[in-house]
Amino acid sequence: MFSNNNAQLIEMRDRSAKLQKEKERDERKQQGRERKQKSEHEKILNAIRERNIHLQKDPSIDIFDISSNPAGSCVQLNETDQTLTFPAVFLYPEYAQTDYVKTFHENTRLIEQLSVLFESLAPWDEEGKYTLDRIAIYYEDRREYELKTVSSDKTLLEVLQLPG
């Protein structure tokens, strides 16, 4: 122990104690944020399970990893009405083009979303091939490694419940 007469040592001790308290506070805050995030993720996963939505079984795919999404978004659960929204990518392979939808509501029919995307002629579609009455919609069945046709009247939820 040191003498209380040494002001410099007392100041160092007090500063060290203050820094230690700040560090412990910051660690508690971080742990609280992590617990909250884990709880939110668990709520989303439970909602996905309850709806019988099929997720890829690839362990390298994290549905909560926003760094892998173009607009930095991921699956969200609306706490008010308990509905899910998903980021979605629409591919137009003939033109090597894509559309990214940051929040595609689970109860929105595909045709409704496509109506927004094709409100006007896409600049890359010079021949006017991509119109609502001519668009074919597919999903990838990863079990059978093939594309399957989907009705535009289906909701996003209905598509996500399809096998594969």
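The values are calculated or read from the model by the stated rules, or taken from the named source; none is laboratory data. Keep in mind that this is a model prediction, so the values were computed, not measured. Because the Cβ atoms are built from the backbone with ideal geometry, glycine has one as well, and the counts that use them run over all protein chains shown.
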**Report entry** Selected residue (criterion: surrounded by the fewest Cβ atoms within 10 Å (Cβ to Cβ)) from residues of the range 101-159 that are among the charged types (D, E, K, R) and farther than 25 Å from Leu55 by Cβ
**Finding:** Asp133
Report summary line: Pairs returned, first residue in the range 78-107 that is without any contact (Cβ under 8 Å) to a residue 12 or more places away in the chain and within 18 Å of Ser152 (Cα to Cα), second residue that is among the small types (Gly, Ala, Ser) and surrounded by 17 or more Cβ atoms within 10 Å (Cβ to Cβ), beta-carbon separation under 7 angstrom, 6 or more apart or interchain, are none
Query raised in the report: Among the residues of the range 78-87, how many are surrounded by fewer than 18 Cβ atoms within 10 Å (Cβ to Cβ) and under 16 Å from the mean Cα position of the chain (by Cα)?
Result: 4
Query - Matching residues in the range 122-145 - criterion: being within 19 Å of Leu110 (Cβ to Cβ) and without any contact (Cβ under 8 Å) to a residue 12 or more places away in the chain - result: Asp133, Arg134
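Results for (1) surrounded by 10 or more Cβ atoms within 10 Å (Cβ to Cβ); (2) at pLDDT below 90, shown as yes or no for each residue.
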residue	(1), (2)
Phe2	yes, yes
Asn6	yes, yes
Arg25	yes, no
Arg35	yes, no
Lys43	yes, no
Leu55	yes, yes
Ser60	no, yes
Ser67	no, yes
Pro70	yes, yes
Report task. Search the range 33-57 for residues that are under 15 Å from Thr83 (Cβ atoms) and pair each with any residue that is assigned to a helix (DSSP H, G or I) when their beta-carbon atoms are under 8 Å apart and the residues are at least 6 apart or on different chains. Result -> Arg51/Leu157; Arg51/Leu160; Ile53/Leu157; Ile53/Leu160
